[in-house]
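Undergrad: Pasting in a structure now, in structure tokens, and then I'll have a few things to ask.
The values are calculated or read from the model by the stated rules, or taken from the named source; none is laboratory data. Being a predicted model, the structure only gives us computed values, none of them experimental. Cβ atoms come from the backbone with ideal geometry, glycine included; neighbour counts cover every protein chain shown.
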Amino acid sequence: MDPLLIVLIVVVVLAVAGGIWFYAGRNRGGEVPPEVSAHKPTSADDILLAPPQEQAPAEAETPAGPTPEAAAPATLERPESIPGRMQRLRSRLAGAGGFGRAILAVMSRGDLTEADWEEIEDTLLTSDLGIEVTTSLMDELRTQAKVLDTSDPAAIRGVLREELLKLVDPSMDRSLNLAKPAPAAGWNAADGEPAAAVLMVGVNGTGKTTTCGKLARVLVADGRTAVMGAADTFRAAAADQLTTWGERVGVEVVRSEREGADPASVAYDATRAAARDGVDVVLVDTAGRLQNKAGLMDELGKIKRVMEKVAPVGEVLLVLDATTGQNGMRQAQVFSEAVGITGIVLTKLDGTAKGGIVVTVQRELGVPVKLVGLGEGADDLAPFDPEGFVDALLA
């Protein structure tokens, strides 16, 4: 065979083999390994790296969102100031002035008949003043009406205001005892200075836990520090409710994670924590106890005794629902015997309450109404103002 022909055939064969090899190599290069994304770039932005300042957020981002360290801290609520809430609550209290207006309407008619006087007496009785207080007030009103010999509503209002103010008794000390007490005998000074202790008591449904949280807000608004103890270990949601209040104003809550734990133990732990942290006040919430359960009342006494292993309890506040009227008096008497209450907190003292319970409870127990709650708002708790209360009744 011609050598030139042989060389030509070899060149053709090599060219064909090289083309086949090149084609096969391109196909292998187009395969996507399993561990590599099949995403295909569609623009230059898909290929070019972003500048460093644009890469940083993408690197910090995770499918689950920002890390806890990157999350913004919870914002604490700012409680309303004491003067501000007092001014606002005076206007709210005017809704409880039904009986004052009813009496003024009758007394301004002029010459009062016996039927008019009976109408006034009925109004007073249905306002939870009680028979004894009503009789005394009626006698004084009759006497003053004769002495003044007038039907001028302004003059009559002045007499009624004076008499009601006497019944509410502005001379009673309504301040909370928040001075730090002397430590109990045997208390180790290295464990800190005991805080002023406030124990909240009352039956179910009066609003003790809510009042405890609201009082913490009042203290914070007044520039004080506090710790709350969730000693209501029988109601499942009580500790959670108190914890929520604590988170809102930045107040620590001492609680037990075990349902049905010893309430006295929780109260003691809260009292010790308050001393350790050097706070001003420790507030202890208790379970709503039926006043006819002697064993439960004994347990309430135990809570107080255990707290006093650290320092004396300065305030025992009985929380009463103002709408219960005279039914609240038996509660007040039993609690007073069990733990020696030092003050009353009247909740729900709005347009649905009758107002007279203020006079009755103070007269029967000899302790003042110190705080009033007028609604569901977080700042609807304020110190009781006798003159403001009477003026609201007669508004």
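Undergrad: Tell me which helices (runs of 4 or more DSSP H) are completely within segment 231-311 and hold 2 or more residues being surrounded by fewer than 20 Cβ atoms within 10 Å (Cβ to Cβ) and more than 15 Å from the chain's Cα centre (by Cα), or say none if there are none. Before the answer, list the steps.
TA: On the way: elements: 238-249, 263-277, 294-307.
Counting at least 2 such residues, we get 263-277, 294-307.
Undergrad: Now a separate question. Taking the stated definitions as given, is PRO194 closer than 12 Å to VAL279 by Cα, more than 22 Å from the chain's Cα centre (by Cα) and touching a residue at least 24 places away in the same chain (Cβ under 8 Å)?
TA: yes
Undergrad: Right, another one. Among the residues of segment 370-391, are any surrounded by fewer than 23 Cβ atoms within 10 Å (Cβ to Cβ), modelled with pLDDT under 85 and among the basic types (Lys, Arg)?
TA: Within segment 370-391 (the criterion being surrounded by fewer than 23 Cβ atoms within 10 Å (Cβ to Cβ), modelled with pLDDT under 85 and among the basic types (Lys, Arg)), the answer is no, since none of the residues qualifies.
Undergrad: Do we have THR206 as under 23 Å from LEU374 (Cβ atoms) and within 9 Å of the chain's Cα centre (by Cα) here?
TA: So THR206 does not fit the description; no.
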